[in-house]
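Okay, so here's the structure we're looking at.
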Amino acid sequence: MQTKQPVSVRKRVKSGMKAVLSVGLASALLLTSVLLPGNALANSNPAEGEAYAAPVSSHDSNFSPATLQFLKSKTGLDGEQWDNIMKLVNKAEQDSLKWTEYYGYCEDIDDDRGYTIGIFGATTGGPNDTGPDGPALFKEYDAVKGAANPSVQGALARIGVNGTMKGAILKINDSEKVFCGKIKSLQNDPAWREAMWHTFYNVYIKYSVEQASKRGFNSALTIGSFVDTALNQGAEGDSGSLEGILAKSGNSTNEKTFMTNFYAKRTLVVDTNEYNQPPNGKNRVKQWSSLLNMGETDLKDADAAVKKVTGWTMK
């Protein structure tokens, strides 16, 4: 598993991508998919690009059937739970609950980590990120597209980007406008979405699930809390990473007691080290701790609760 330097919260999004589909009842979604056949959320399988029937729920509609099956088999959580996790993550990252609009996100946020890309903030690397996960994302994309010997260079060639690997760092030779334009064009590419979820799992989700499981925890709220910490502050490494926060959170086998300690320890560091712009980090953690206190640990039938805890204003 890869480890990565933490990704600081987005300072401000320079440009947003408009949603192409509003989610409604399953029947309405099916009708829309007929009227708008080009929408990747409604009518394509990210693994194969083939048509499929309307999703079971509005939450499931934000994932392809292949991704839903992948996440269920790897984490034990369903589409509704992952949709709520991603809303909480994206509120703190992009100040928006519409996380599906950010598969094509790309920006140099001037944090010396290179370009920040996609729904989990993959980076190309720089002085503050010498172990970036962006290269893994591009290599996975090449694999999903069918390359016999997947490579970063193969993926860059596919999307028309000029770049080279300098050690572990991916150096982009194109301008930000050109490079990010290419990434934004992948917003609805089924293979790009699949590659992103596979890389997200390999870099952050897998470790987070393992850490929850070894403590006897399997709730969506705990797994989501660990994933949010890992992608924001790093999965493994120094005292500010998920690994470091867990080491300081005690050994209680009571999940609520442990997580209460975990949130308290994370709050102490979440606005330091450029993890977040104060006070956004404290509000970020408060989203999760508030849901714990509300008893919303499974993140099921939690639409109103998620909306309530994400109502804070990003600075």
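The values are calculated or read from the model by the stated rules, or taken from the named source; none is laboratory data. Bear in mind that the values here come from a model prediction, so they are computed numbers and not experimental data. Note that each Cβ is placed from the backbone with ideal geometry, even for glycine, and that neighbours are counted across all protein chains shown.
The residue of the stretch 248-305 that is farthest from Asp111 (Cα to Cα), among those that are touching a Gly at 6+ places or on another chain (Cβ under 8 Å) and of a type in the set (Phe, Trp, Tyr), is Phe258. Scanning the stretch 168-181 for residues that are surrounded by fewer than 19 Cβ atoms within 10 Å (Cβ to Cβ) and not aliphatic (A, V, I, L, M) returns Lys171, Asn173, Asp174, Ser175, Glu176, Lys177, Gly181.
Any idea how many residues of the stretch 96-125 are among the acidic types (Asp, Glu), more than 21 Å from Val227 (Cβ to Cβ) and touching a residue at least 24 places away in the same chain (Cβ under 8 Å)?
Let us first name the residues in the stretch 96-125 that are among the acidic types (Asp, Glu), namely 101, 107-108, 110-112.
Filter once more, keeping what is more than 21 Å from Val227 (Cβ to Cβ): 107-108, 110, 112.
Of the ones still in play, those that are also touching a residue at least 24 places away in the same chain (Cβ under 8 Å) are 107-108, 110.
So the count comes out to 3.
Could you tell me whether Gly104 is crowded, with 24+ Cβ neighbours inside 10 Å, small (Gly, Ala, Ser), over 14 Å from Thr199 (Cα atoms) and modelled with pLDDT of 95 or more? Spelling it out, it is not the case that Gly104 is crowded, with 24+ Cβ neighbours inside 10 Å, small (Gly, Ala, Ser), over 14 Å from Thr199 (Cα atoms) and modelled with pLDDT of 95 or more. Only one of the numbered conditions (1) among the β-branched types (Val, Ile, Thr); (2) more than 23 Å from Gly131 (Cβ to Cβ); (3) under 19 Å from the mean Cα position of the chain (by Cα) is not met by Val227, and that is (2). Scanning the stretch 84-134 for residues that are of a type in the set (Gly, Ala, Ser) and assigned to a strand (DSSP E or B) turns up Ala122, Gly126.
Just to check your reading of the model, which residue among Gly244, Gly311 is farther than 26 Å from Lys214 by Cβ, among the small types (Gly, Ala, Ser) and free of Cβ contacts under 8 Å to residues at least 40 places away in the same chain? Spell out the reasoning first.
On the way: Gly244 fails: farther than 26 Å from Lys214 by Cβ.
Sole residue among the options that is farther than 26 Å from Lys214 by Cβ, among the small types (Gly, Ala, Ser) and free of Cβ contacts under 8 Å to residues at least 40 places away in the same chain: Gly311.
When you scan the stretch 140-149, do you find a residue that is among the polar types (S, T, N, Q) and modelled with pLDDT of 95 or more, even just one? For the stretch 140-149, residues among the polar types (S, T, N, Q) and modelled with pLDDT of 95 or more: present. When the test is whether a residue is more than 20 Å from the chain's Cα centre (by Cα), crowded, with 18+ Cβ neighbours inside 10 Å and part of a helix (DSSP H, G or I), Ala155 passes it. Among the residues of this structure, Ala191 counts as one that is touching a Phe, Trp or Tyr at 6+ places or on another chain (Cβ under 7 Å), touching a residue at least 40 places away in the same chain (Cβ under 8 Å) and over 17 Å from Thr123 (Cα atoms).
Note on the stretch 123-152: residues that are under 18 Å from Asn276 (Cβ atoms) and surrounded by 20 or more Cβ atoms within 10 Å (Cβ to Cβ) total 2. Answer yes or no as to whether Ala230 is buried (at least 24 other Cβ atoms within 10 Å of the Cβ), touching a residue at least 40 places away in the same chain (Cβ under 8 Å), of a type in the set (Gly, Ala, Ser) and out of contact with any strand residue (DSSP E or B) (no Cβ under 9 Å at 6 or more places or on another chain). For Ala230, the condition - buried (at least 24 other Cβ atoms within 10 Å of the Cβ), touching a residue at least 40 places away in the same chain (Cβ under 8 Å), of a type in the set (Gly, Ala, Ser) and out of contact with any strand residue (DSSP E or B) (no Cβ under 9 Å at 6 or more places or on another chain) - is not met.
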